[in-house]
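Notes follow the structure.
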Amino acid sequence: MIVLDRVSFSYGARRVLRDVSVSIGFGERVVILGGSGEGKTTILRLILGLLSPDAGRILIEGEDITGKGDGALRDVRMKFSIVFQEGALFDSLDVKENVAYCLREYTSMSDEEIEARVREILASVGVEQAIHLMPEELSGGMHRRVSIARALALSTPKMFLYDEPTTGLDPVNADNICRLIADLSKDGKGFIMVTHKVSDALKVADRYIFLKDGALLFDGTGRELLHSDIPGIRVFVAEVCPPGPDCAEEQGGKHV
Amino acid sequence: MEIKRLLSDLQDFYALSWRGLAGIVRRPFYYKDALIQMDYAGAGSLLIVVIVDLFVGMALSLQLSAELSNLGMKMYIGMIVGISVVRELGPVVTALVFTGRVGAGMASELGTMVLGHQVDTIRVFGFDPVKKLVTPRVVSSLIMLPALTIIGVAVSLLGGYYINVFVSHQSGTFYWSSIRNILTTENVLAGAIKPFVFGYLIAVICCYTGLSTRGGAVGLRQSTTMAVVLSIVMIIISDFLLTRVLLYVLGFSV
Ligand SMILES: Nc1ncnc2c1ncn2[C@@H]1O[C@H](COP(=O)(O)OP(=O)(O)OP(=O)(O)O)[C@@H](O)[C@H]1O
Ligand SMILES: [Mg+2]
């Protein structure tokens, strides 16, 4: 269980989150929606202990992580795997070594086994041909997919965090990534996905959280999201579900 | 407000310096990272250290020869070159070269990693960035700067020899025997402690400034400049303090 207990956070004078309380189970499939700069990435960073809240507590499986150092947070962080919005590949290592980074440290696999595993994961995100390229030689979408592959390399995390995994991808690849995310969550591993694209979100998640002005504007199922008449949310939903009687039933019905 | 920030920066710096060093004896160890750093810092700096120290040795010998020949004391060149190179110039010059080549590299590499969220990725993967990034660099500087200093001193003495024999026309055998005479335990110790201190200072200063990089390309420029400037100033100041202490401890009268 991930619990944010009345968490406030600001960057200097800029308040990003105000008294946010939410709890998310490790098996849940959650999407965080919200406009640009509303603090979605900030929430993920808080959960991982990369940032410390100004007020409030963050509990991961009952353990209070607020204000702890990197050494103490190690076990907590190993429960997660994150795909950063920027990809954040190690730019001095090639694609293969990027994906193999954790395998080398945390498993005793031989070089051949690692290579085989890396190829397998890269194939699942459709970039196996890039295995020997350096990060600077990748296109934006390939970069994103390699960083997803890297996050998937270890099978130990209990929960995946995706920060806009489909932004900047063509529809076919975005669809593949969504399917991959859905597949990975089949064996009880949950995820938190941050995105602007309601259409992608609806394909994968059960629970939707909408952030606005540093607070949770909405927290509920896909059907509720589509039926919501909160103006801020309607704008987001209009993309998949223009105002009209049937659309919400049809879209939300698939998943609820 | 400024003072408060300065104090908290200093506190962070001391914490990093201590944890970077303590990482040497605390699990987990990242041997491979240390080896890569040692290759970069040591093997990669060898040529430039050799060139710089060679010319420093030659220039010093030449200057002394010009001055001492007026006094008819050219036979002392070997002794003076030996003492100044072993106790002072060798360690300091090598450390300055090391700062420019390796320290600046550390700061800009770590700074780029911070800006590209690579350091965050390392943290999320469960590594302690101090252990994974700082300790290997501290280890490599602690081993490689002393090693380079030994080579640098030897090359400086060779440079001195060359000038002494082929330009000032003195006896080479006498030069080496006066060098041998000044290689006493006290003289060697007075020089040998320094590169360890300098290496440690360079590594922690450059890692700290690199890891505290904020604000894009300009921030990177500032932190790299800061790393080099701070390292140079600290090397020169600590060299003076060390000289003072070592001369006292080793029983030289000044
Ligand atoms: N390092 C930082 N320093 C100062 N302010 C920051 C920093 N990072 C983010 N912010 C500010 O915090 C706010 C929230 O940022 P955050 O990255 O969480 O937004 P987001 O919801 O992920 O946006 P996007 O959808 O564009 O990625 C933004 O207004 C941003 O200006
Ligand atoms: Mg974001």
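Structure values in brief
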| quantity | calculated |
| --- | --- |
| Residue in the range B:69-80 that is more than 14 Å from chain A (Cβ to nearest Cβ) and surrounded by 23 or more Cβ atoms within 10 Å (Cβ to Cβ) present | yes |
| Per-region count, the range B:96-109, residues more than 14 Å from every other protein chain (Cβ to nearest Cβ) and either within 20 Å of A:ASN98 (Cα to Cα) or open to solvent by 30 Å² or more (accessible area, probe 1.4 Å) (or both) | 3 |
| Exclusive hit being closer than 22 Å to A:VAL194 by Cα and without any contact (Cβ under 8 Å) to a residue 40 or more places away in the chain, set A:ARG57, A:ARG77 | A:ARG77 |
| Which numbered condition A:ILE32 misses (of (1) of a type in the set (A, V, I, L, M); (2) away from ligand 2 (no atom under 14 Å from the Cβ); (3) more than 13 Å from chain B (Cβ to nearest Cβ)) | (2) |
| The range B:110-125 residues that are at the interface with chain A (Cβ under 8 Å from one of its Cβ atoms), paired with ones that are aromatic (Phe, Trp, Tyr) and open to solvent by 30 Å² or more (accessible area, probe 1.4 Å) (beta carbon under 9 Å, 6 or more apart) | B:THR121/A:TYR101; B:PHE125/A:TYR101; B:PHE125/A:TYR106 |
| Selection count where residues are more than 22 Å from B:GLY172 (Cα to Cα) and either modelled with pLDDT of 95 or more or among the basic types (Lys, Arg) (or both), scope the range B:81-96 | 6 |
| One residue from B:VAL86, B:VAL114, B:VAL93 being in contact with a Ser or Thr (Cβ under 7 Å, 6 or more places away or on another chain) and open to solvent by 10 Å² or more (accessible area, probe 1.4 Å) | B:VAL114 |
| Selection count where residues are away from ligand 1 (no atom under 14 Å from the Cβ) and either free of Cβ contacts under 8 Å to residues at least 40 places away in the same chain or assigned to a strand (DSSP E or B) (or both), scope the range A:189-199 | 2 |
| Among the residues listed as A:GLY126, A:GLY67, the single one being free of Cβ contacts under 8 Å to residues at least 24 places away in the same chain, more than 14 Å from every other protein chain (Cβ to nearest Cβ) and either surrounded by 20 or more Cβ atoms within 10 Å (Cβ to Cβ) or outside any helix (DSSP H, G or I) (or both) | A:GLY67 |
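The values are calculated or read from the model by the stated rules, or taken from the named source; none is laboratory data. Just so it is clear, the structure is predicted and the values come from calculations on it, not from any experiment. No Cβ is skipped: glycine too gets one built from the backbone with ideal geometry, and neighbour counts run over all protein chains shown. Ligands, DNA and RNA are excluded from the accessible area calculation, which covers all protein heavy atoms including side chains. Shrake-Rupley method; radii C 1.70, N 1.55, O 1.52, S 1.80 Å.
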